[in-house]
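What follows is a short report on a single structure.
The values are calculated or read from the model by the stated rules, or taken from the named source; none is laboratory data. Owing to the predicted nature of the structure, the values given are computational and were not obtained by experimental measurement. With ideal geometry, Cβ positions are generated from the backbone for all residues, glycine too; neighbour counts draw on all protein chains shown. What goes into the accessible areas is simple: the full protein's heavy atoms, side chains included, and nothing from ligands, DNA or RNA. Shrake-Rupley method; radii C 1.70, N 1.55, O 1.52, S 1.80 Å.
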Amino acid sequence: MKAFRLDELEAERAANDGAYLQFLREKNMSVGLYALDAGAADPQQPHSQDEVYFVASGRASITVGVETTQVARGSVIYVPAGVAHKFHHISEDLRVLVVFSPPEG
């Protein structure tokens, strides 16, 4: 079994001065923690993997393709491979668990 604590992952991500920390990589998926502070811009480009986002904390909007929705703690969003997507209007520091399948390259 592998078990993780969000507070420890956040501390590791912050210590490495990055917005993204991949903390699990397996044959068919990878999982990471993505952080965007309030007011930040999301620099993402479309990925070649399917993604699932789980919002652990914060508030923002996300646009996937041409659809936009509000997200907050507890929101789950699916993004198909190759589709443009961005978080925006980030009003509270955003912390998101990201599952890639297959694993992110």
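A few remarks follow.
- Whole-percent carbon and sulfur share, accessible surface of segment 4-105, 1.4 Å: 54 percent
- Asp50 sits with roughly 60 Å² accessible to a 1.4 Å probe, with DNA, RNA and ligands left out of the calculation.
- Sparse packing (at most 16 other Cβ atoms within 10 Å of the Cβ) combined with a DSSP loop state is found for the following trypsin sites (Lys or Arg not before Pro) in the chain: Lys2, Arg5, Lys27, Arg73.
- Amide H contacts for Gln49 (H built 1.01 Å from N in the peptide plane; partners 5 or more residues away or on another chain; cut-off under 5 Å): Gly82.
- Shape call, the chain: gyration tensor on alpha carbons, a/c limit 1.5: oblate
- Amide H within-cut-off set for Ser75, under 5 Å, with H built and near neighbours excluded: Val55
- Environment charge of Pro80, counting only residues whose C-beta is closer than 9 Å and scoring Lys/Arg +1, Asp/Glu -1: -2
- Under Karplus coefficients 6.51, -1.76 and 1.60, residue-wise ³J(HN,Hα) of segment 51-57 in Hz, glycine/proline x: 9, 10, 9, 10, 7, 7, 6
- Helical mean residue ellipticity (222 nm; -39500 (n - 2.57) per DSSP H run of 4+; nearest 500) of the chain: -3000 deg cm²/dmol
- Restricting segment 1-66 to chymotrypsin sites (Phe, Trp or Tyr not before Pro) that sit in a DSSP loop and have at most 16 other Cβ atoms within 10 Å of their own Cβ leaves Phe4.
- Solvent-accessible area per residue in the chain equals 58 Å², computed with a 1.4 angstrom probe and all protein chains kept.
- Over the chain, relative contact order from alpha-carbon pairs under 8 Å, at least 6 apart, %: 34 percent
- Computed lengthening from Ser61 to Tyr78, 0.36 nm per intervening residue step minus Cα-Cα distance: 4.7 nm
- Added length on full extension, which subtracts the Cα-Cα distance from 0.36 nm per residue, Ala11 to Glu92: 27.4 nm
- ³J(HN,Hα) computed for each position of segment 20-35 - Karplus, 6.51 cos²θ - 1.76 cosθ + 1.60, integer Hz, glycine/proline x: 10, 10, 7, 10, 8, 9, 10, 4, 10, 6, 9, 9, x, 10, 10, 10
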